[in-house]
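Inspection log for the structure reproduced underneath, given as structure tokens.
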Amino acid sequence: MAKYKLEYIWLDGYTPVPNLRSKTQIKEFASFPALDQLPLWGFDGSSTQQAEGRSSDCMLKPVAIFPDATRKNGALVMCEVMMPDGVTPHPSNGRATILDDPGAWFGFEQEYFLYQDGRPLGFPADGYPAPQGPYYTGVGYKNVGDIARQIVEEHLDLCLDAGINHEGINAEVAKGQWEFQIFGKGSKQCADEIWVARYILNRLCEKYGIDVEYHCKPIKGDWNGSGMHANFSTEYLRTKGGKAYFEALMAAFGEHCEEHIAVYGPDNHLRLTGLHETQSIDKFSYGVADRGASVRVPHSFVQNDYKGYLEDRRPNSQGDPYQIASRILKTISLVPTP
């Protein structure tokens, strides 16, 4: 038997953006534990805006487990927050709202800035660096620096060691801005892994004295904001599709535009301006290979008789992937299949 360090991770009750929280529990196991071996665990919800002091107990229900390469016998345990009975989802539990569809595939593109001393890495103490242009997928110290590259590469390795389906990284359009991509089969898997990847990045940056800025528009002016583009498909969209179904789907997305925007991350009006590869927040559009549309339609989708995946470019970098996935699936469910 070995003692394992189980880092229970959850989302608190802060709005409009929940914070990641975590604490460690030590348990003995003969080998790396399976999910069904992990116990429920209580915490003080009065300190996380999830309960009142006179009745503060909340419960953590493990929903995914990953090896933690930074600790001997370490595990990262993503949890849902439950009421004291351990069965009823807490009102802040967005994961519980997702239709559990194993045929729904999601790929999220998480953009973010690395910050030090209150400004993005590479920004001078006063003023701005050279205009954006060379930074996207940039190479060289003047474009990406050294600490940023080190952090991003280390984060990639930690995610891969954890078994997270991390699909790639790149420097983004603005100075100090980066992106990673994660793909998952199933309504909840990709969202679980995005949150754990965020946790890993936040914790990694502690040792460098760096903050991760997820706000969708931290720099005003002619600088790109940060998104979390949601690539999605269902089994029907991948195998049947068709132009008529696609057009009906886009009509439903347009009809429910406000409901989507409501859960696509706060302050999105600062980012969705119609500039910097975005559509205006009050409009819905779609277009083939159009990065200024609400939904980008890949050439491969059209060439494959309107089958494959689509990219909703409206979710922003602070968005909750649980709520985003849930809203996309709710809209899809409104469109009858022929």
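Laboratory data are not the source of any read-out in this text; all were calculated from the coordinates shown. On a predicted model such as this, the values are computed, not experimentally measured, just so you know. So basically every Cβ, Gly included, is an ideal-geometry build from the backbone, and we count neighbours across all protein chains shown.
When Rg and Dmax are taken over the Cα atoms of the stretch 105-333, they come to 17.6, 55 Å. About its Cα centre, the dipole of the chain is roughly 200 debye, where the only charges are +1 on Lys and Arg Cβ and -1 on Asp and Glu Cβ. Taking trypsin sites (Lys or Arg not before Pro) in DSSP loop states with no more than 16 other Cβ atoms inside 10 Å as exposed sites, the chain has its longest site-free stretch at 73-206.
Taking 0.36 nm per residue of separation and subtracting the Cα-Cα distance, full extension of the segment from residue 130 to residue 256 would add 41.4 nm. Applying 1/(1 + (r/R0)^6) with r as the Cβ-Cβ distance of residue 71 and residue 147 and R0 = 30 angstrom yields a FRET efficiency of 0.80. For residue 167 and residue 220, FRET efficiency with R0 = 35 Å and r from the beta-carbon atoms, rounded to 0.05? The formula returns an efficiency of 0.65 here. In this rough spin-label picture, where each label sits 7 Å from Cα along the Cβ direction, the residue 27-residue 14 distance is 2.8 nm.
Each of 225, 329, 241 was scored by the projection of its Cα onto the charge dipole of the chain, and the greatest displacement toward the positive side belongs to 241; charges sit on the C-beta of Lys, Arg, Asp and Glu.
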